[in-house]
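Step one of this worksheet: look at the structure below.
The values are calculated or read from the model by the stated rules, or taken from the named source; none is laboratory data. Just so it is clear, the model here is predicted, and its values are computed rather than measured. Cβ placement follows ideal geometry from the backbone for every residue including glycine, while neighbour counts extend to all protein chains displayed. Quick note on the areas: whole protein, heavy atoms, side chains included, nothing else; ligands and nucleic acids left out. Shrake-Rupley method; radii C 1.70, N 1.55, O 1.52, S 1.80 Å.
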Amino acid sequence: MKKKASFIFADEFLGYHFHEKHPFNQKRILLTKELLEASNVLTSDNLISPRMATEEEIALFHDQTYIDAVKKASDGSFIEHEGQEFGLGTEDTPVFEGMHEASKLIVGGSLTAVDEVLHGKTDHALNLGGGLHHGLRRKASGFCIYNDGAISIKYIRKHYNLRVLYVDTDAHHGDGVQWAFYDDPNVCTLSIHETGRYLFPGTGNISERGIKNGHGFSFNLPIDAFTQDESFLEVYESAIRAITEYFKPDIIITQNGADAHTFDPLTHLCASMKIYEQIPKIAHELAHEYCGGKWIALGGGGYDIWRVVPRAWAQIWNIMNTDSIATGSLPTNWIKKWQKESDTSLPLFWHDTEEAIPHIPRKTEIEEKNKKLLTQLLKYTTPV
Ligand SMILES: [Zn+2]
Ligand SMILES: [Zn+2]
């Protein structure tokens, strides 16, 4: 019998680690896994070990000269300035020992997720280690070395020839994946993110629509800083529904960065846990409606690793595995174990409390601006 869903995990995912003070911290995957185990919704039947991606698979998207540079950086045989043109050894993406292998395993995790679904073992698969959407063809960028999302889509195109819808709800623009398929009419990308006016990577304007045969298959919703739940969900839900109907994908890949929450230290969006319940719920529904259930979800950003990411990511799994959202109190044994390591108070409930949600004076103005963007985007999904 087919399993409901597969959870890709290995302790070695935590080896994708720049240094102690770096905001990108994969401990959040372990925190999520243990939260689910403490909630009795993740068992060994669901856990799948990631395979290692081959270098040939990495090269489905990345340039060989870049892969060679990562390998050099990885084993330390690297003179600092050599890395500059490849974005290696920067403040965002510093060099660390074993970075090639650690990144290859992340990619392998996403390919394992793809194989689980496309070999018919399960309908849905989750690789929280992945979602490194800023990686470019020959450049590391924004904490991302190898772009597992782009490689996975190339792999699906090559081996299965399916039409792929990629939906990116990270607070930053999903630039690496967008550019990878900018001229490809068989891959449709939708990214909803904080406007690039003040936020990395600066791209993701609504006017970025694709080129050549790929024109009309790239969608962006650069929403205003300080956007809150209602407005985020209004534009997300309308856009993903309209685009899925317009493109009619065979499979959906979502990048589920969890950095749009008001607690996130790196962005200015002001969402609560509510969006992290609805985002996977709607994606799941559409996967069943259009793709015979085929849905792969990846991780991504998320820098409040104690208060936000575990709860947000656990809800993706809850939707995949039980088609429901967890509510009420978090398991006390989980809180007890991890509170010792966290310097902030861990949340007690799945939902945020009222006090957590800030009052935004410009709320109405922001909602109007986002609505205008949505109206413009929806025009692109109606045949003329
Ligand atoms: Zn992000
Ligand atoms: Zn399902």
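Please give the charge dipole size of the chain, origin at the Cα centre, charges +1 on K and R Cβ atoms and -1 on D and E Cβ atoms. Round to the nearest 20 debye.
Approximately 760 debye in magnitude.
Of ILE325, HIS100, ASN25, which is farthest on the positive side of the dipole of the chain, counting Cα position, with +1 on Lys and Arg Cβ, -1 on Asp and Glu Cβ, and the Cα centre as origin?
ILE325
Which value at 222 nm does the chain reach when only helices count, each DSSP H run of 4 or more adding -39,500 (n - 2.57), with the total divided by all residues and rounded to the nearest 500 deg cm²/dmol?
Computed mean residue ellipticity for the chain: -12000 deg cm²/dmol.
So for the stretch 326-373, considering every pair of alpha-carbon atoms, how many percent are separated by more than 14 Å?
66
Please express the Cα-Cα pair-distance distribution P(r) of the stretch 132-186 as a list of whole percents, one per 5 Å bin, running from 0 to the bin with the greatest distance.
For the stretch 132-186, the binned pair fractions read 4, 21, 32, 23, 14, 5, 0 percent.
In units of 2.2 N^0.38 Å, what is the alpha-carbon radius of gyration of the stretch 218-301? Numbers along the way, then the final one.
Numbers: Rg = 13.1 Å, N = 84, 2.2 N^0.38 = 11.8 Å.
Dividing the Cα Rg of the stretch 218-301 by 2.2 N^0.38 Å gives 1.10.
Which whole-number percent gives the relative contact order of the chain, counting Cα pairs below 8 Å spaced six or more residues apart?
18
Quick one: putting +1 on the C-beta of Lys and Arg, -1 on the C-beta of Asp and Glu, what dipole do you get for the stretch 91-143 around its Cα centre, in Debye to the nearest 20? Intermediate results must be reported in sequence, preceding the final value.
Details: 5 positive and 7 negative charges, 49 e Å.
Taking the Cα centre of the stretch 91-143 as origin, the dipole is about 240 debye.
Rounded to the nearest 0.05, what FRET efficiency do ARG241 and LEU47 have when you use their Cβ-Cβ distance and R0 = 41 Å?
FRET efficiency, ARG241 to LEU47: 0.80.
Can you give the FRET efficiency to the nearest 0.05 for TYR160 and THR344, using r as the Cβ-Cβ distance and R₀ = 45 Å?
Working: r = 43 Å, r/R0 = 0.97.
The value I calculate is 0.55.
Per residue, how much accessible surface does the stretch 85-240 expose to a 1.4 Å probe? Answer in Å², no decimals. Don't jump to the answer; show the numbers that get you there.
Working: 4640 Å² over 156 residues.
With the other protein chains kept in place, the stretch 85-240 gives 30 Å² per residue.
Can you give the local net charge around THR382? Use residues other than it whose beta-carbon is closer than 15 angstrom to its beta-carbon, Lys and Arg +1, Asp and Glu -1.
That sum, taken over residues with Cβ under 15 Å, equals +3.
Could you bin all the Cα-Cα distances of the chain into 20 Å bins starting at 0 and give me the percent of pairs in each, rounded to whole numbers?
31, 61, 8
Could you grab the relative contact order for the stretch 62-182? Cα pairs under 8 Å, six or more apart, rounded to a whole percent.
Reported as a whole number, the value is 24 percent.
Hey, what's the stretch 326-384 come to in accessible area per residue, 1.4 Å probe, Å²?
Counting only protein heavy atoms, the per-residue value for the stretch 326-384 is 71 Å².
Residues of the stretch 163-197 with amide nitrogen under 13 Å from the 7 Å Cα-to-Cβ point of ASP63?
none
Quick check for me: using +1 on Lys/Arg Cβ and -1 on Asp/Glu Cβ, what's the dipole size of the stretch 273-370 about its Cα centre, in debye to the nearest 20?
Using only the charged Cβ atoms, the result is roughly 300 debye.
Would you mind computing, in nm to one decimal, how far apart the modelled labels at HIS268 and THR382 are, each placed 7 Å from Cα along Cα→Cβ?
3.2
At a temperature of 37 °C and a viscosity of 0.692 mPa s, determine how fast the stretch 170-212 diffuses translationally according to Stokes-Einstein, using the Kirkwood radius over alpha-carbon pairs as Rh; express D in µm²/s, rounded to the nearest whole number.
308
What shape does the stretch 256-384 have by the C-alpha gyration tensor, where a ≥ b ≥ c are the square roots of the eigenvalues, rounded means a/c under 1.5, and otherwise prolate means a/b greater than b/c and oblate the rest?
In terms of gyration-tensor shape, oblate.
How are the Cα pair distances of the stretch 306-345 distributed, in percent, across 10 Å bins from 0?
The percentages, shortest bin first, are 26, 51, 21, 2.
Which value in nm describes the separation of the simple spin-label points at GLU85 and GLU101, placed 7 Å from the Cα toward the beta carbon?
Distance between the two pseudo-spin positions: 2.9 nm.
Run the numbers on the stretch 31-130 and let me know its relative contact order in percent, using alpha-carbon pairs under 8 Å that are six or more apart.
Relative contact order, the stretch 31-130: 30 percent.
Please compute the per residue accessible area over the stretch 254-306 with all protein chains in place, 1.4 Å probe, rounded to a whole number of Å².
In whole numbers, the stretch 254-306 has 24 Å² accessible per residue.
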